[in-house]
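K.L.:
My questions will all concern the structure given below.
The values are calculated or read from the model by the stated rules, or taken from the named source; none is laboratory data. Quick caveat: nothing in here was measured; it's all calculated off a predicted structure. Counting neighbours? That spans all protein chains shown, and the Cβs are built from the backbone with ideal geometry, glycine included.
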Amino acid sequence: MSAASFDALPESVRALAQADFGQVAARFRAAGLTVGLPARGVLTVRGAASAAQDEKRPSVLLSVGVHGDETGPIEMVAHAVEALSRSAHELKVDLMLCVGNIDAIASGKRFIDADLNRMFRTDRGDLASTFEAGRADALIAATRDFFDGAGPQRWHLDLHTAIRASRYPKFAIVPELIQEGPRKDLIGWLGQGGIEAVIMNPKSAGTYSYWTAERHGAAASTVELGRIGTLGQNDLSQFAAMSAALCGLLRGAPGQPGSAPLVFNTAQSITKLSDAFRMSFGRDTENFTPLKQGEVIATDGDTVYTVQHDEEFVVFPNPDVRVGLRAGIMVVRAL
Ligand SMILES: [Zn+2]
């Protein structure tokens, strides 16, 4: 894949894709808001500090481009933040905007050395010396500073697009450990944003959203908004509902109620244990493809992964991941 071309892009999209916050930062600052640039690719915008903890504005972390080839959310958020910066007094939350893997975006690639969205863990094994490990450290520090001293309402929306087709093109992964109230609000809000299915995830795979849920008590989600596309050529109409929901969240406005997403629980997580790992299907398998009880999902030496429930659906199948990482999730409908 060749380097991404930033020519002919709308200026706001070019700027966000290159993590150039100059103009939006200036507009927020001119409106009297407190603007910070705590790390490369990270912008924070805060209102006046409030003494009382329960009077604090909600804190919202928006991240895009954690995978450098997932450009749709960059375009969508660029337009949303551009508009918001021109009416900055409408911002009703403390905002952290994060462009995840700037170098991968510039190269038109998913990552430089390794998947950034597996680096949000303390033990990185043989990935510790990769480019993305250093990038994750910078994001972890900026994220900690943002949520330290934040009020009780904490959100993190990590926006992605999927590599492969999906029976539910728009779906989200939600850490199970989020408390019930915020979790319900989050899932309701995801429905407003057009999310059709939610997968409850009991265990970290080293993702950014699980990290913020676990470490900072954020109502956090990895949000898959449709298919991967080229920067500047994404069909933004597929993101219209999510864009409207985001605009409402940032302005403290209740959105249009959406359909409640279908909720799935994780039945089993398929880990690649060795190079002998063989999956019964390829990485081009559609997300949420159903498998019947007893069907073999994968073999890995003496380990055989089979479907345990009457029916399980496979999500994120990828036999090509590194040994030790998640090669797929099997999910079942929550009752
Ligand atoms: Zn992604």
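K.L.:
Go through the range 61-169 and tell me which helices (runs of 4 or more DSSP H), entirely inside it, have 1 or more residues that are of a type outside the set (Val, Ile, Thr), within 15 Å of the ligand (Cβ to nearest atom) and under 28 Å from Ile187 (Cβ atoms).
P.N.:
Output list reads 72-85, 131-147.
For every residue, the table says whether it meets (1) surrounded by 14 or more Cβ atoms within 10 Å (Cβ to Cβ); (2) of a type in the set (Phe, Trp, Tyr); (3) over 28 Å from the mean Cα position of the chain (by Cα).
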| residue | (1), (2), (3) |
| --- | --- |
| Tyr305 | yes, yes, no |
| Asp310 | no, no, yes |
| Arg326 | yes, no, no |
| Val331 | yes, no, no |
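K.L.:
Related question: Select from the range 202-230 the residues that are among the basic types (Lys, Arg) and either more than 20 Å from Ile270 (Cα to Cα) or assigned to a helix (DSSP H, G or I) (or both) and write down the one among them that is farthest from the ligand (Cβ to nearest atom).
P.N.:
Arg215
K.L.:
Of (1) among the hydrophobic types (A, V, I, L, M, F, W, C); (2) modelled with pLDDT of 95 or more; (3) over 25 Å from Thr161 (Cβ atoms), Ile74 satisfies all except one. Which?
P.N.:
Every listed condition holds for Ile74 apart from (3).
K.L.:
Just one of the numbered conditions (1) at negative phi; (2) within 15 Å of the ligand (Cβ to nearest atom) is not true of Leu43; which one?
P.N.:
So the condition that Leu43 fails would be (2).
K.L.:
Among strands (runs of 3 or more DSSP E) lying entirely in the range 231-317, which contain 3 or more residues that are without any contact (Cβ under 8 Å) to a residue 40 or more places away in the chain?
P.N.:
Per the criteria, 289-292, 296-300, 303-306.
K.L.:
Being modelled with pLDDT of 95 or more, under 16 Å from the mean Cα position of the chain (by Cα) and assigned to a strand (DSSP E or B) is true for just one of Ile187, Ile195, Ile199. Which residue is that?
P.N.:
So the residue among Ile187, Ile195, Ile199 that is modelled with pLDDT of 95 or more, under 16 Å from the mean Cα position of the chain (by Cα) and assigned to a strand (DSSP E or B) is Ile199.
K.L.:
Then there is this: Taking the range 290-313, which residues are under 26 Å from Leu127 (Cα atoms) and β-branched (Val, Ile, Thr)?
P.N.:
Across the range 290-313, the qualifying residues are Thr299, Thr303.
K.L.:
Continuing with this model, one more query. How about the range 307-335: which of its residues are within 25 Å of Val198 (Cβ to Cβ) and β-branched (Val, Ile, Thr)?
P.N.:
Val307, Val314, Val315, Val321, Ile329, Val331, Val332 - these are the residues of the range 307-335 that are within 25 Å of Val198 (Cβ to Cβ) and β-branched (Val, Ile, Thr).
K.L.:
If you don't mind, there's one more thing I want to ask. Considering each of Glu132, Glu90 in turn, give the residue that is charged (D, E, K, R), without any contact (Cβ under 8 Å) to a residue 40 or more places away in the chain and on the phi < 0 side of the Ramachandran plot.
P.N.:
Exactly one residue qualifies, and that residue is Glu132.
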